[in-house]
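Before any comments, here is the structure.
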């Protein structure tokens, strides 16, 4: 009986720990549950203030020399999530680029997604 209680209490403690840790990473989107949109300079017709520049990086190992749609999608989502944390209404000047270097025989590609978080006045 004691063994079953220890397993049960360990499972409960583990579950609570994961909920607490996972709860810290929750993103609260703005605009009625949506992440801020990506806007071009031409689409900015309302006055706004710049909240800051967002830069998110990701490194992959192996031969990954091309900008796949998955990498662009990762960049869109990563920048939008960071902008939501800042309370931004939109992101402008969005870019995703990558740089590959080779260490011995193992290539490594660092992808960088950037954008400017803005808040409309």
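No value in this document is a laboratory result; all are computed from the given coordinates. Predicted, not measured: the structure shown is a model, and the values here were computed from it. So basically every Cβ, Gly included, is an ideal-geometry build from the backbone, and we count neighbours across all protein chains shown.
Between residue 46 and residue 85, the modelled labels are 2.5 nm apart [label points 7 Å from Cα along Cα→Cβ].
What is the ratio of the Cα radius of gyration of the stretch 31-120 to 2.2 N^0.38 Å, where N is its residue count, to two decimals?
Working: Rg = 15.0 Å, N = 90, 2.2 N^0.38 = 12.2 Å.
Ratio of Cα Rg to 2.2 N^0.38 Å: 1.24.
Mind giving me the nanometre distance, one decimal, between the label points for residue 61 and residue 99, set 7 Å out from Cα along Cα→Cβ? Spacing of the two 7 Å Cα→Cβ label points: 2.1 nm.
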